[in-house]
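Visitor: After the structure tokens below, expect a handful of questions from me.
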Amino acid sequence: MTIKVKNEEALVIKIAESISGAAVSYGRYADFPDASDLIKGFDLESDTLDKIHRHCGENGLYALVRSEINQLFTKNYPFDSNRTKVPLRNFLEFSEPIVAAKNIVKRIKLLPARYRASVQLPAHFSIPLLPYVAAVKLSESFVICRADRLPKNFPMSSDNDYVDQSLFSDPFTNSSNTDRELSTERLFFTSVELGHATVSSGNLVCNNFMDKVRAIYGACIALGFFTTEYGGQHDKKPFIILHTESEEREIIATEELDSDLWDHGWQRSTKRFVESTSDPSRSIRSVFEKISIILGDDEFSRRLFTACIWYYRAKISRNALDSLLHATIAIEALLGDRETSETVGLARLLGNRCAYLLGRSRKSRQAIIDEFLAIYRLRSAIVHSGKHKLEHNERKVSDACLRLCGDVISKELDLHHSSDLDEAIPF
């Protein structure tokens, strides 16, 4: 799957014109005289532009062109904070703008590229599982494994000192922001991702990977696989390591995890789950089988994936109002139906679906419906009347919403989980 550029010559000229008018400032970063013109000025079909935006982020071609230019600077020039408004054409790599533009267009036509994103999981998550987990395939592209089961060719440095400084240090202070050691006592998430990334920018690819981590964490909480408790972390803050996914792997970027995935005030521990079962290996495997469904390609899997992300956000929020809103979004994503809800009302539709999914008797189903209507009355007050503070009795409604959301996700995972995972994954 590659991008077709219908009017390639015009695109080359447009990029060359932008390079001719650009300058380098603040170290080694390209600035264009009119970024909005660079974004909107390309004469491309809408389908091509949509694909480029999908792989490069909301700034589309501007983000791609700028990151490709910045990558060349990262590889060839030291960071210099005193460098300001130096014409881009003054540098050898851009002295012939047409040649530079043709190279960028070649990159565009090869999109999306394949990368491997990997991140070390915290001690509280990893250590209790290490005796039972070597490598488990959650999907065709996503694996949870020990360090010794990561790909054999897994470079943690490059052949370029300038690149390594960019990957592992803060260029403004020259201080290390992460280390290059892979702990043998930790598990890792590793996944093949599609998109566009350079040494200077791997944001969108890493963001897509982090959404998968959030969804998996949400499913884990719903299944009771690990507890989210207040307490300190003892590991260094982990970074996503991004490599090209090819035989000749190259380290491309390091990206700090978003704070909601690595907050030093929260532990995500599997210890209680492991200690509560008589057969940890079988129980852990069962959880992974259930979680695997959220990484599928069908419509139900995508809805469940979205619901798990919002449930995770609801569980980690310190604000009960936000928790309730996030949890209702999760339930709507999973059980909502616009056409039906316009006929019977969204709250009653979702309440009935929750009730028939979770209720074991007529009485328990009616209790869930009543509970859900109370949840949506409170939600309506927040969304439509601007309510910004919960009363004491309303906190019970918020807690009930979180509980129902987790129960719905857990039940759906139980009903739809697959059972064809491999115990060990060849890389």
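The values are calculated or read from the model by the stated rules, or taken from the named source; none is laboratory data. Keep in mind it's a predicted model, so treat the numbers as computed, not measured. Because the Cβ atoms are built from the backbone with ideal geometry, glycine has one as well, and the counts that use them run over all protein chains shown. The accessibility values were calculated without ligands, DNA or RNA, using every heavy atom of the protein model including side chains. Shrake-Rupley method; radii C 1.70, N 1.55, O 1.52, S 1.80 Å.
Visitor: Considering each of K387, K411 in turn, give the residue that is more than 23 Å from L295 (Cα to Cα) and open to solvent by 50 Å² or more (accessible area, probe 1.4 Å). Walk me through it before giving the result.
Guide: Working: K411 fails: more than 23 Å from L295 (Cα to Cα).
From the options K387, K411, the qualifying one is K387.
Visitor: Write out, first by first residue and then by second, each pair whose Cβ atoms fall under 6 Å of each other, whose residues are 6+ apart or on separate chains, and whose first residue, in segment 380-409, is over 18 Å from L358 (Cα atoms) while the second is open to solvent by 50 Å² or more (accessible area, probe 1.4 Å).
Guide: These pairs meet every condition: A381/K387.
Visitor: Give me the pairs, please: first residue somewhere in segment 362-373 and part of a helix (DSSP H, G or I), second residue anywhere and open to solvent by 80 Å² or more (accessible area, probe 1.4 Å), beta-carbon distance under 7 Å, and either six or more positions apart or on two chains.
Guide: R365/Y356
Visitor: Within segment 180-202, count every residue that is surrounded by fewer than 17 Cβ atoms within 10 Å (Cβ to Cβ) and in contact with a helix residue (DSSP H, G or I) (Cβ under 9 Å, 6 or more places away or on another chain).
Guide: Let us first name the residues in segment 180-202 that are surrounded by fewer than 17 Cβ atoms within 10 Å (Cβ to Cβ), namely 180-182, 184-185, 192, 194.
From what's left, in contact with a helix residue (DSSP H, G or I) (Cβ under 9 Å, 6 or more places away or on another chain): 180, 182, 184-185, 194.
Total satisfying the criteria: 5.
Visitor: I'm trying to understand the selection: among the residues of segment 386-423, which are at pLDDT 80 or above and either among the polar types (S, T, N, Q) or touching a His at 6+ places or on another chain (Cβ under 6 Å) (or both)?
Guide: S398, S410
Visitor: Considering segment 177-218 alone, what residues qualify as being under 16 Å from I144 (Cβ atoms), among the hydrophobic types (A, V, I, L, M, F, W, C) and at pLDDT 90 or above?
Guide: Hits for segment 177-218 are L187, F188, F189, V192, F209, M210, V213, A215, I216.
Visitor: In segment 105-151, how many residues are open to solvent by less than 10 Å² (accessible area, probe 1.4 Å) and closer than 30 Å to I19 by Cα?
Guide: 4
Visitor: Can you pull out the residues in segment 68-104 that are open to solvent by less than 60 Å² (accessible area, probe 1.4 Å), among the β-branched types (V, I, T) and more than 20 Å from I13 (Cβ to Cβ)?
Guide: T74, V86
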